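Just so it is clear, none of the values below were taken in a lab; they were calculated from the coordinates. Since the model is a prediction, treat every value here as computed from it, not as a measurement. Cβ: placed from backbone, ideal geometry, glycine included. Neighbour counts: every protein chain shown.
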Amino acid sequence: MHTKYFTFLLALLLFLVGCSKNDDRISSNISETMYFPENNTDTWETMSPASLEWNENAIPVLNQYLIDNNTKSFMILVNGRIVMEEYYNDHTATSSWQWNSAGKTLVTATVGIAQQEGILTIKNKVSDYLGTGWTSESIIKENLITSKNLLSMTSGMDDSKNWVIKSNLTYVADAGTRWAYHNVFQKLMDVVAASSNQEFESYFNTKIKDKIGMDGNWDDGIIFKIYHSNTRSMARFGLLSLNQGKWKKEQIVNESFFNESINSSQDINPSYGYLWWLNGKTSYMLSGSQTVNSGYLVPNAPAEMYAAMGAQDQRIYIIPSKNIVIIRMGDSADPENRNAALSNFDNYLWEKINDVIN
C-alpha cells in the first residue's frame, strides 16, 4: 500500500512539473508572437525587461542620459509590446509633438499605397501629375525629375534654398546624378493629392492613420508640412514599419515597395532609401553636405537598423532581427545642431541602449 501511494505521489509530481513547463512554454510563445494594439483604446500589452533578460541596472543610466539630453518621451517595443515607456519634462502620454523630418517616412508609405492602387507610378515624371512649370528649370530638365527622384533625394535641384517655392526650385544637376537632402520631397504630397483627387491629409488619414489607430495631424511648419502626434502613435507607425507595411492581417503598404524603400535607393548615398535612413552601409552623406563619409551611419547601432530621423532628434529606430521598435521625441540634444536630421546623439544613445538590451 505504501509503495502504491509513493508511486501515485511521484506520478502526480511529474504531471504538475509537466504542466508547469507547458504553461511556461505557452507563456513564452504568447510573448514571442507579434502584437498589435487595438484602435481607440489606451490598452497596450507590456513585457518586463526582466522577462527579456535585459540589464535592468543600466536602465537608470539610459533614463538619465535621455533626461540630460532634452528628451520628452522614449519607448521600446518588442514584438509590438511595450517594454519601456518614459515621459520627461512635463510631457505625457497624451502630449502631441512634432515628427519633423521623421514624418517623411509617412509620405513614403502614402506614396507606396497610391502606387499599389494604380493612381500613380513613382517612375513617372512629376510633371505628369503636377503639370509642367512646377519648377524654375527648363522643361527638358524638369521632365527628368520623377517621383522616385523625390523619394531618393536625387532631384538635382539646388538644396541651399529651404523654402519649397517655384523660384527656389532651380537646376544644379540632372536628376539622378546628385544626392542632396532637400525639402522638395513635399511635392510628393502634391503628387498624391493630384492623383487621388483629394487633399493629401485626407488620403493619408483614410489609408494609414485610421487603419492603425494613430492620432495626430499635419500642420504647416515654417518650411514644410510637419506631422504632430503623441508618442504611441509614432510607435504604431514604427510597428507597421517593423512588419513591412502589414498591420494585423492587412498588408496596408505593399511589402515589395516597403522593402524597396528600406534599401539603398541609389549608389551616391547608399545609406538612404526612400526617405528612410539606413545603417550598415559602406558610406553615408548628410544633409547640407556633398561629403561622402566612410563607415556606418550610426556605428553603435545594429547594422540592420533602418530609421526615420527628424530635426531635434525625433527618431524611429527599427531592428528587424530583434523585433524592436524604439521611439524618441523631444528637443534637440544639441541646440546648436537642432536642424540636422542626424547628430552624434544617435551614437551616444545607442551606447546606452546596448548596455540595456545586450
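Points to keep in mind about this one:
- Subset of the range 88-103 (residues that are touching a residue at least 12 places away in the same chain (Cβ under 8 Å) and surrounded by fewer than 18 Cβ atoms within 10 Å (Cβ to Cβ)): Tyr88, Asn89, Ala93, Thr94, Ser95, Ser96
- For the range 43-62, a residue qualifies if it is β-branched (Val, Ile, Thr) and either surrounded by 17 or more Cβ atoms within 10 Å (Cβ to Cβ) or more than 19 Å from Met214 (Cβ to Cβ) (or both), and the qualifying residues are Thr46, Ile59, Val61.
- Residues in the range 63-81 that are of a type in the set (A, V, I, L, M, F, W, C), surrounded by 18 or more Cβ atoms within 10 Å (Cβ to Cβ) and either assigned to a strand (DSSP E or B) or more than 21 Å from the chain's Cα centre (by Cα) (or both): Phe74, Met75, Ile76, Leu77, Val78.
- Residues of the range 104-143 that are buried (at least 20 other Cβ atoms within 10 Å of the Cβ) and without any contact (Cβ under 8 Å) to a residue 60 or more places away in the chain: Ile122, Thr135, Glu137, Glu142.
- Filter result for the condition that a residue is touching a Leu at 6+ places or on another chain (Cβ under 9 Å) and farther than 30 Å from Thr92 by Cα, over Pro320, Pro270: Pro270
- Test: residue in the range 163-173 that is assigned to a loop (DSSP other than H, G, I, E, B), crowded, with 17+ Cβ neighbours inside 10 Å and out of contact with any Cys (no Cβ under 8 Å at 6 or more places or on another chain): yes
A quick yes/no check of all residues on (1) in contact with a Ser or Thr (Cβ under 9 Å, 6 or more places away or on another chain); (2) over 17 Å from Met234 (Cβ atoms):
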{"residue": "Lys249", "(1), (2)": "no, yes"}
{"residue": "Tyr272", "(1), (2)": "yes, yes"}
{"residue": "Lys281", "(1), (2)": "yes, yes"}
{"residue": "Asn293", "(1), (2)": "yes, yes"}
{"residue": "Val298", "(1), (2)": "no, yes"}
{"residue": "Lys322", "(1), (2)": "no, yes"}
{"residue": "Ile327", "(1), (2)": "yes, no"}
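Residue-by-condition table, conditions (1) in contact with a Phe, Trp or Tyr (Cβ under 6 Å, 6 or more places away or on another chain); (2) at negative phi:
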{"site": "Ala193", "(1), (2)": "yes, yes"}
{"site": "Asn197", "(1), (2)": "no, no"}
{"site": "Ser202", "(1), (2)": "no, yes"}
{"site": "Asn217", "(1), (2)": "no, yes"}
{"site": "Gly238", "(1), (2)": "no, yes"}
{"site": "Glu255", "(1), (2)": "no, yes"}
{"site": "Asn269", "(1), (2)": "yes, yes"}
